[in-house]
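Written out below as structure tokens is the structure these notes cover.
The values are calculated or read from the model by the stated rules, or taken from the named source; none is laboratory data. Just so it is clear, the structure is predicted and the values come from calculations on it, not from any experiment. Cβ sites come from the backbone with ideal geometry, for glycine too, and all protein chains shown count toward neighbours. In case anyone asks, the SASA skips ligands and DNA or RNA and just uses the protein heavy atoms, side chains included. Shrake-Rupley method; radii C 1.70, N 1.55, O 1.52, S 1.80 Å.
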Amino acid sequence: MRKILMLFAVLSGLSVNVFASDDDKFIQIGTGILYERGWDLTVGVEHETRYHNAWEYFGNVYLKWEECASCKHICPKSFWKSYNTWGLGFAYKPAMVRKRNSVGRLRLGVSAGSDKHELLGGVHVGYEQNYRLRNGLVVYWQVKSDLMINGKDLFRTGLVLGVKLPFK
């Protein structure tokens, strides 16, 4: 009887399809603080490929606040209306580190967008560490460095925290 049960367990295990996170899709939302006095919000779609590599298609909003000239503090007007940009782009993320429930990826991408006056281009380099939870949800942190072409600030660097929601 034990042999029959063991044989049944092995055969049923072999008949189940296992994908090892290949071809997963996520909607991601991340926000963070960038040097110097910047706030970043990124919303995107991520598609995992073989061997835990991924492609990301994203939209990005960046806000840089200034100190108010009249009151010498950061007031709502100097925070929200100082310098704003938006951009659309994509990034390739090859897997660098793979552990049991986490994967670390290098993030290489480009984007194009605008501030209120000019067209902007961006080159993005960073590192992203993902942690998969039991229900398929992924939380991540990202160290990002952006080279912005034709923008008010040439370099942006900082830390972003976010969540990825799985979908089919």
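Observations on the structure shown:
- When Lys72 is tested against (1) over 17 Å from Ile33 (Cα atoms); (2) over 12 Å from the mean Cα position of the chain (by Cα); (3) open to solvent by 60 Å² or more (accessible area, probe 1.4 Å); (4) at pLDDT 90 or above, only condition (4) is not met.
- Test: residue in the range 112-124 that is surrounded by 15 or more Cβ atoms within 10 Å (Cβ to Cβ), outside any strand (DSSP E or B) and touching a residue at least 40 places away in the same chain (Cβ under 8 Å): no
- Complete set of residues in the range 39-67 that are open to solvent by less than 60 Å² (accessible area, probe 1.4 Å) and part of a loop (DSSP other than H, G, I, E, B): Thr49, Asn53, Trp65, Glu66
- Cβ pairs under 8 Å, 6+ apart, first in the range 72-88 and over 24 Å from Glu118 (Cα atoms), second modelled with pLDDT under 90 and surrounded by 12 or more Cβ atoms within 10 Å (Cβ to Cβ): His73/Glu67; Ile74/Trp65; Ile74/Glu66; Ile74/Glu67; Ile74/Cys68; Cys75/Cys68
- Candidate set: the range 130-168, residues that are surrounded by 18 or more Cβ atoms within 10 Å (Cβ to Cβ), assigned to a strand (DSSP E or B) and not charged (D, E, K, R); chosen: the one modelled with the lowest pLDDT: Met148
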